[in-house]
Amino acid sequence: MMGHRGCRLAVTYPEIAKMQTKAVIRAALNVKKNHPDWNIDPEIMIPLIGDVKELKVVKAVVVETADAEIAAAGSDLKYEVGTMIEIPRAALTADEIGKEAAFFCFGTNDLTQMTFGFSRDDSGKFLEAYYESKIFESDPFARLDQNGVGKLMKMAIELGKGVNPNLHIGICGEHGGDPTSVEFCDAIGLDYVSCSPFRVPIARLAAAQAAIARK
């Protein structure tokens, strides 16, 4: 889970980032062509950033590739490049990363495992004992740990928006479908949640309840 994946693949093999960028931009161009009345603004999200220099390297590949595709199509398509905040170091240095990203999306599955030092692969082997011993009251991969992981999220939002007030911020991962986690995300100023399709109705209801409670 902490190996050769995410932006690390794009640094090692830039052609992967080029291929994926071409796919996103070409798809957006096709939709824009077939539906000129639709507002198409693709967001390209670079995952697993731990250092702003990683983002700069991969973002340069993405921007060069996207701009070339848009120019070749003679289009005025707009797009944004942002990043996932899923490594504790990214949250701690969000003031640096926020200068390069148009948006943040918290990958709370990975942020949880890296903050706790648990692997999602084998945590099931010992978490039951943690519940029985009252160390945990719930699965941290199902219900967001507000005291630890949540504190990193708050810090990242404050640092990121401090250098980029226009930064829009969301969460993707299974926590996005948990009502208490959605309520917490609303309280700290997130703009949206993303989750598995079967969790969408719960997330919508939780977001509505959180908005009403806040008013």
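Since every read-out is calculated from the coordinates, none of them should be taken as a lab result. Source: prediction; values computed, not measured. Don't worry about glycine lacking a Cβ; one is built from the backbone with ideal geometry, like all the others, and counts go over all protein chains shown.
Values as computed for the structure displayed
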item: Length added when fully stretched, residue 99-residue 80, from 0.36 nm per residue minus Cα-Cα; result: 5.5 nm
item: Positive-end residue of 70, 207, 185, charge dipole of the chain with Cβ unit charges; result: 70
item: HN-Hα J in Hz across region 105-122 - Karplus 6.51, -1.76, 1.60, θ = phi - 60°, x for Gly and Pro; result: 9, 6, x, 6, 4, 6, 4, 5, 5, 7, 6, 7, x, 9, 9, 5, 5, 10
item: In order through region 171-183: 3J(HN,Hα) via Karplus (6.51 cos²θ - 1.76 cosθ + 1.60), integer Hz, x for Gly, Pro; result: 9, 10, x, 5, 5, x, x, 9, x, 5, 5, 4, 4
item: Under-5 Å amide H pairs with residue 46, H placed in peptide plane, nonlocal only; result: 82, 83, 84
item: Potential lengthening between residue 142 and residue 34 on full extension [0.36 nm per residue; Cα-Cα distance subtracted]; result: 34.9 nm
item: Loop-located chymotrypsin sites (Phe, Trp or Tyr not before Pro) in region 124-215 whose Cβ has at most 14 other Cβ within 10 Å (DSSP); result: 126
item: Size of charge dipole - the chain - debye, nearest 20, with Cβ of Lys, Arg +1 and Asp, Glu -1, no other charges; result: 240 debye
item: Residue-by-residue Karplus 3J(HN,Hα) for region 16-22, coefficients 6.51, -1.76, 1.60, Hz, glycine and proline x; result: 5, 4, 4, 4, 5, 5, 4
item: Loop sites in region 86-172: trypsin sites (Lys or Arg not before Pro), DSSP, at most 14 other Cβ within 10 Å; result: 99, 120, 134
item: Of 151/215; 18/125; 154/215; 56/151, those spanning more than 31 Å from alpha-carbon to alpha-carbon; result: 18/125
item: The chain: Cα Rg divided by the 2.2 N^0.38 Å rule of thumb; result: 1.09
item: Estimated [θ] at 222 nm from DSSP helical runs (n ≥ 4, -39500 (n - 2.57)) normalised by residues in the chain, nearest 500; result: -15500 deg cm²/dmol
item: Trypsin sites (Lys or Arg not before Pro) within region 1-51: DSSP coil, no more than 16 neighbouring Cβ in 10 Å; result: 5
